[in-house]
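**Q** Please find one structure pasted underneath; my questions will follow.
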Amino acid sequence: DGGITQSPKYLFRKEGQNVTLSCEQNLNHDAMYWYRQDPGQGLRLIYYSQIVNDFQKGDIAEGYSVSREKKESFPLTVTSAQKNPTAFYLCASSGRLESGTDTQYFGPGTRLTVL
Amino acid sequence: AQSVSQHNHHVILSEAASLELGCNYSYGGTVNLFWYVQYPGQHLQLLLKYFSGDPLVKGIKGFEAEFIKSKFSFNLRKPSVQWSDTAEYFCAGYNTDKLIFGTGTRLQVFP
């Protein structure tokens, strides 16, 4: 059963704590992405990775970190430096076309609440 | 700056009404455009996409979109909506290797 899995579905953390969100894909996609979704703001790109051991900052990378040690995994760490971390986090992956990047497919998301 | 705009933030319709959701983009070069849908409690799903060729694109569940280059638009349409179309709809487009999303349109369909 191919797809993208994210865990956990709901996550609670206390202020000042770092937390890591998991994203795994078995679609054999090269590229993976992390987005943050807030009401009325659409999806904003946090980090993305086009290939293993390489990643780039998106539009709102401050307070977040990532790693890409394996093709199928792209974990996101929300650090204590992130001022407003409560949000819905979406992971996506895509293949590559000769003409550019292919369609992105999304995981079910993790809802993070900071108490 | 490159952007994707959705001007309808909240649309309320009765079943069987026709739907058109606006999407405009502001970047040049190769245009790859998408409409995604997020049903309540579910993850983002692809409705349809335009990469090249026929500017009228048909997607799942009876949706279609038309790419009009002269108007920088990619509006989503459905001739007759159903209660099950209640969802949030996102337009998106690629800028090199990054996908830029609009702010979304929340559609409510009443029986």
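None of the figures in this text is laboratory data; all of them are computed from the coordinates on show. None of these values were measured; they are calculated from a predicted model. Using ideal geometry, Cβ is built from the backbone for each residue, glycine included, and neighbour counts are taken over all protein chains shown.
**Q** Give the number of residues within the range B:37-57 that are free of Cβ contacts under 8 Å to residues at least 24 places away in the same chain and β-branched (Val, Ile, Thr).
**A** 1
**Q** Right, another one. Please note which strands (runs of 3 or more DSSP E) are completely contained in the range A:4-76 and include at least 2 residues that are surrounded by 15 or more Cβ atoms within 10 Å (Cβ to Cβ), in contact with a strand residue (DSSP E or B) (Cβ under 8 Å, 6 or more places away or on another chain) and of a type outside the set (A, V, I, L, M, F, W, C).
**A** A:19-25, A:31-38, A:42-51, A:64-66
**Q** Here are the criteria: (1) outside any strand (DSSP E or B); (2) among the basic types (Lys, Arg); (3) surrounded by fewer than 16 Cβ atoms within 10 Å (Cβ to Cβ). Tell me which single one A:Arg96 does not satisfy.
**A** It fails just one condition, (1).
**Q** A further question follows. Does the range A:65-88 include one or more residues that are within 12 Å of another protein chain (Cβ to nearest Cβ) and at negative phi?
**A** Looking through the range A:65-88, at least one residue is within 12 Å of another protein chain (Cβ to nearest Cβ) and at negative phi.
**Q** Would you check which residues across the range B:66-110 are in contact with a Pro (Cβ under 8 Å, 6 or more places away or on another chain), surrounded by 15 or more Cβ atoms within 10 Å (Cβ to Cβ) and aromatic (Phe, Trp, Tyr) and list them?
**A** Result: B:Phe67, single match.
**Q** Among the residues of the range B:17-32, which ones are farther than 15 Å from B:Ile68 by Cβ, within 14 Å of another protein chain (Cβ to nearest Cβ) and either outside any loop (DSSP other than H, G, I, E, B) or within 13 Å of the chain's Cα centre (by Cα) (or both)?
**A** Matches in the range B:17-32: B:Asn32 only.
**Q** Let me ask another. Where residues in the range A:39-57 are among the aliphatic types (A, V, I, L, M) and either within 15 Å of A:Tyr89 (Cβ to Cβ) or facing chain B (nearest Cβ under 7 Å) (or both), which of them is farthest from the chain's Cα centre (by Cα)?
**A** Start the filter on the range A:39-57 by keeping residues that are among the aliphatic types (A, V, I, L, M), which leaves A:43, A:45-46, A:51-52.
So of that shortlist, the ones also either within 15 Å of A:Tyr89 (Cβ to Cβ) or facing chain B (nearest Cβ under 7 Å) (or both) come out as A:43, A:45-46.
On the way: A:Leu43: 11, A:Leu45: 8, A:Ile46: 7 Å.
Residue satisfying both the conditions and the ranking: A:Leu43.
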